[in-house]
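Colleague: Here you go, one structure.
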Amino acid sequence: MIVKIYPENPNEKQVARVAEVLARGGVVIYPTDSVYAFGCSIRSPRALERIKQIRGKKETELAMVCDDLSHIADYARVDNAAFKLLKRNLPAPFTFVLKASSKVPDKVLERRKNIGVRIPANPIARALVAELGCPMLTASVKDDDRVVEYTTDPELIHERYGALVDLVVDGGYGDNRPTTLVDLTGDEPEILREGKGELKW
């Protein structure tokens, strides 16, 4: 199933329809401010396992998508310096690595102590999380044919993955650049991957 949602003004009924699929433990593909991504509710361990199977990796590093900074503080440890940096840069195409709190399920962490967090500058992604009422877990839709390329056309994504997920959100063409990855777990912020976001210090 594919659902068209326009990012300029996400339709509330369509957003609610997708959020209901997520709340029932479904897996969706949705647009972000960087690449298209798999998404599921943080409360659904079964959906998390499905994403791992689809991606064909036993260990899949997942980021957590929130709709505002207060949700991040619920699931990760954020000191004052980190909070100021997050506030200055979000929403935007960043994944910030933070120390996870006890609210993050063990199955998400897979023996790690850290979690990547995102607030995308994409109204569809944030509307889905707000309607769902809890963070989404997310992993990029990567094109296996080329390690560094990402699938950007939602119609082609649906052709390839439509039978494996419950729903694909068509929010227009995606980008093929990943997020900028920033580690905030040490004494100083460290950029682990240069991506689409330009960090404001």
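The values are calculated or read from the model by the stated rules, or taken from the named source; none is laboratory data. What you see is a predicted model, and the numbers here were worked out from it, not measured in a lab. Note that we place each Cβ from the backbone using ideal geometry, even for glycine, and neighbour counts take in every protein chain shown. Heavy atoms of the whole protein, side chains included, go into the accessibility calculation; ligands, DNA and RNA do not. Shrake-Rupley method; radii C 1.70, N 1.55, O 1.52, S 1.80 Å.
Colleague: Once neighbouring chains are kept in place and the probe is 1.4 Å, which whole percent of the accessible area of segment 59-201 is contributed by carbon and sulfur?
Modeller: It is 45 percent, rounded to a whole number.
Colleague: Specify the angular offset, from 0 to 90 degrees and rounded to the nearest 10, of the alpha carbon long axis of helix 123-132 from the longest principal axis of the alpha carbons in the chain.
Modeller: 90 degrees
Colleague: Build a GNM of the chain with springs between Cα atoms under 10 Å: which of PHE96, PHE83, PHE38 gets the top mean-square fluctuation?
Modeller: PHE83
Colleague: So how strong a dipole does the chain carry about its Cα centre when Lys and Arg Cβ are +1 and Asp and Glu Cβ are -1, to the nearest 20 debye?
Modeller: 620 debye
Colleague: So if R0 is 22 Å, what FRET efficiency would GLN53 and ALA23 give, r being the distance between their Cβ atoms, rounded to the nearest 0.05?
Modeller: The pair GLN53/ALA23 has a calculated efficiency of 0.60.
Colleague: Next question, about the same structure. Which angle from 0 to 90°, rounded to the nearest 10, does the C-alpha axis of helix 45-55 make with the longest principal axis of the chain?
Modeller: It works out to around 80 degrees.
Colleague: Follow-up question, since we're still on this one. Please list, in order along segment 62-70, the HN-Hα scalar couplings obtained from phi with the Karplus expression 6.51 cos²θ - 1.76 cosθ + 1.60 (θ = phi - 60°), rounded to whole Hz, x for Gly and Pro.
Modeller: Once θ is set to phi - 60°, the couplings for segment 62-70 become 10, 9, 10, 9, 10, 9, 7, 5, 5 Hz.
Colleague: In nm, what is the difference between 0.36 nm times the number of residues separating GLU190 and LEU109 and their Cα-Cα distance?
Modeller: Fully extending the segment from GLU190 to LEU109 adds 27.1 nm.
Colleague: Now for a separate question. What pairs from LYS4/LYS99; LYS52/LYS113; LYS4/LYS142; LYS84/LYS113; LYS107/LYS142 go past 27 Å between their alpha carbons?
Modeller: Over 27 Å Cα-Cα: LYS4/LYS99.
Colleague: What number comes out for accessible area per residue over segment 51-201 if the probe is 1.4 Å? Units Å², please.
Modeller: Using a 1.4 Å probe on heavy atoms only, each residue of segment 51-201 averages 53 Å².
Colleague: Quick one: helix 80-89 against the long Cα principal axis of the chain, what's the angle to the nearest 10°, folded into 0 to 90?
Modeller: Orientation of helix 80-89: about 40 degrees from the principal axis.
Colleague: Please build a GNM for the chain, connecting alpha carbons under 10 Å apart, and tell me which residue among LEU128, LEU85, LEU22 fluctuates the most.
Modeller: LEU85
Colleague: Heavy atoms only, 1.4 Å probe, whole protein assembly: order ARG160, ARG46 by accessible area, highest first.
Modeller: Descending order: ARG46, ARG160.
Colleague: Treat every Asp and Glu Cβ in segment 1-94 as -1 and every Lys and Arg Cβ as +1, leave all other atoms uncharged, and give the resulting dipole magnitude about the Cα centre to the nearest 20 debye.
Modeller: 340 debye
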